[in-house]
Amino acid sequence: MGLILHDVDVAGERVAVRIEDGAVASVGSEDRSRSSGEVIDGRGGALLAGLHDHHLHVLALAAARRSISVSASTTNNATFAAALRDASTRGPVRAVGYHERVFGGLDRDVLDGIVRGVPVRVQHRTGGLWILNSCALEQIEPSRLADARFERDHAARLTGRLWRGDDLVRDDAGLRDGEIAAIGSELAAVGVTAVTDATASNDPSSVACLRALPQRVRVMGPIELALDDSERLTLGEVKVVPDDDDLPDIDDLVRLVLEAHGRGRGVAVHCVTLVQVRFAIEAFRVAGVRGDRIEHASVAPADVIADLHALGLTVVTQPAFVSARGDEYMTDVDPRDVAALYPTASLLAAGVPTRGSSDAPYGPIDPWEAMRAAVQRRTARGTVVGASERIRPSNALALFTGSDTVRAGLPADLVLLSVPLSDALARLRRDDVVLTIVGGAVVYDARERPPRAG
């Protein structure tokens, strides 16, 4: 059975779109003699290519839904401690969103002074650091505690701080398919038909969890990750996460890039500092570029952007960090770097392929919020950060939809809005999403349904 979307706005023209076998069969005037299946009246609403969140962390997002928030915007040292103690009365504590301004530099001893006898894990808002109390450390297998990512003090005692070690404390086994499916429903409700899970430690267990999503999923991970490509899951780039104070040998990174290319995979390098992006550029300058990406490019001045363009690298950015964290950036970031924070207009003007994403759960999951941030560049307190990096609403939308308009032959991954495109661009709101379709199947439907007879 097919599907006909009647009276929809495609590129400014009101047409009918026929979907068959998971693809767009035709765009134009409706020929009911050739049609079978459900007919949906679009009422002149815009029909768009589905939104792709090009960088997020699905399992971390599901786990965050089970966690308490200790973000800097809602807590101070007293309420932070009170939140942990209250949560500990209900069992093990998983807290997310921590920032040093709340309680300073945490370690196991500080956490032990707040909660003893109950495991407590606190994640830094960047996602790169976990802090565990003694009880939480005791629950980890001794062989894992020997991993060098667990920080030790001068006496070789564990400090409770774990760097880039999600795989050592990840609790995927506790996640149910229903929780992952709920994330998929949340994404579908904002028009997302495809995601790229950018978790560096993805493995067969996490891949199995990701199959519960209704979206198409591109799965990043280590060089050894493999999966049987299916209609909805495909193998993505090799993910590399360098740290300023522990950069890998550049020759090792070059070898990794060359090996990935030899396996037909690109490499995606996490770059949230100027040091990291320049390091990555030098490695790609030696190894060459074959579909490789720079994740975040959080600080990218003009010379970096010129190098990105010259090498043919793609940048995956998160404009919503400007609105969600911009006020903190204004105090935390070197003033010389503020103008180069999460650039968008400069990347597009230079011809650098640029994709939009949320980085959820570390950023807001709503892509429309990211689009508004790319257009306005305004913080929660109203400060404009990098006014010259503002872009037009149509360009902000294209960060998530790409340049393709709806046409015959494309997969039927579509979003129907309640208003024409001109109105949608004027406000960029998730509330305009009426219908989300993946592979010809409706995965979200906001229309009012009449009550069933009888």
request  = Determine which single condition Leu347 fails, assuming it passes every other condition in (1) surrounded by fewer than 20 Cβ atoms within 10 Å (Cβ to Cβ); (2) under 21 Å from Gly291 (Cα atoms); (3) not basic (Lys, Arg).
outcome  = (1)
request  = Please work out if Glu295 is modelled with pLDDT of 95 or more, in contact with a Gly (Cβ under 6 Å, 6 or more places away or on another chain) and under 28 Å from Asn395 (Cα atoms).
outcome  = no
ask   = If you check Arg407 against the conditions, is it surrounded by fewer than 19 Cβ atoms within 10 Å (Cβ to Cβ) and more than 23 Å from the chain's Cα centre (by Cα)?
value = yes
query = Only one of Gly91, Gly37, Gly50 is within 15 Å of Ala441 (Cα to Cα) and modelled with pLDDT under 95; which?
reply = Gly37
query = How about the stretch 229-245: which of its residues are outside any strand (DSSP E or B), in contact (Cβ under 8 Å) with a residue 24 or more places away in the chain and either in contact with a Gly (Cβ under 7 Å, 6 or more places away or on another chain) or not β-branched (Val, Ile, Thr) (or both)?
reply = Glu231, Arg232, Pro242, Asp243, Asp244
request  = Answer yes or no: is there a residue in the stretch 244-263 that is modelled with pLDDT of 95 or more, within 21 Å of the chain's Cα centre (by Cα) and not polar (S, T, N, Q).
outcome  = no
request  = Please determine, by comparing only the residues of the stretch 425-446 that are part of a loop (DSSP other than H, G, I, E, B) and in contact with a strand residue (DSSP E or B) (Cβ under 7 Å, 6 or more places away or on another chain), which one is nearest to Val15 (Cα to Cα).
outcome  = Gly440
ask   = Which residues, taken from the stretch 377-404, are over 23 Å from Pro353 (Cβ atoms), surrounded by 13 or more Cβ atoms within 10 Å (Cβ to Cβ), out of contact with any Ser or Thr (no Cβ under 7 Å at 6 or more places or on another chain) and in contact (Cβ under 8 Å) with a residue 12 or more places away in the chain?
value = Thr383
note = Of the candidates Asp359, Asp366, Asp413, the one satisfying the condition of being buried (at least 17 other Cβ atoms within 10 Å of the Cβ), acidic (Asp, Glu), in contact (Cβ under 8 Å) with a residue 40 or more places away in the chain and under 25 Å from Val289 (Cα atoms) is Asp359
request  = Could you tell me whether Leu106 is part of a loop (DSSP other than H, G, I, E, B) and crowded, with 18+ Cβ neighbours inside 10 Å?
outcome  = yes
Subset of the stretch 301-347 [within 20 Å of His54 (Cβ to Cβ) and either outside the structural domain of Val375 (by TED's automatic domain parsing) or β-branched (Val, Ile, Thr) (or both)] = Val304, Ile305, Thr314, Val315, Val316, Thr317, Val322, Thr344
message = With the requirement that a residue be under 19 Å from Gly266 (Cβ atoms) and of a type in the set (A, V, I, L, M), what does the stretch 305-320 give you?
response = Leu308, Ala310, Leu311, Leu313, Val315, Val316
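Of everything in the stretch 255-282 that's of a type in the set (A, V, I, L, M) and in contact with a Pro (Cβ under 9 Å, 6 or more places away or on another chain), which residue is nearest to Gly236 (Cα to Cα)?
It comes out as Val269.
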note = Ala324 fails exactly one of (1) in contact with a Pro (Cβ under 7 Å, 6 or more places away or on another chain); (2) in a strand (DSSP E or B); (3) of a type outside the set (Asp, Glu), namely (2)
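Residues are listed down the side, and each one gets a yes or a no for (1) crowded, with 21+ Cβ neighbours inside 10 Å; (2) in contact with a Phe, Trp or Tyr (Cβ under 8 Å, 6 or more places away or on another chain):
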{"residue": "Leu313", "(1), (2)": "yes, yes"}
{"residue": "Val316", "(1), (2)": "yes, no"}
{"residue": "Asp327", "(1), (2)": "no, no"}
{"residue": "Asp334", "(1), (2)": "no, no"}
{"residue": "Ala339", "(1), (2)": "no, no"}
{"residue": "Tyr342", "(1), (2)": "yes, yes"}
{"residue": "Thr354", "(1), (2)": "yes, no"}
{"residue": "Arg372", "(1), (2)": "no, no"}
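Filter the stretch 410-424 down to the residues that are closer than 11 Å to Leu48 by Cβ and either assigned to a helix (DSSP H, G or I) or over 20 Å from the mean Cα position of the chain (by Cα) (or both) and list them by number.
Leu416, Leu417, Leu421, Ala424
The values are calculated or read from the model by the stated rules, or taken from the named source; none is laboratory data. Quick caveat, the model's predicted, so the values are computed rather than measured. Cβ: placed from backbone, ideal geometry, glycine included. Neighbour counts: every protein chain shown.
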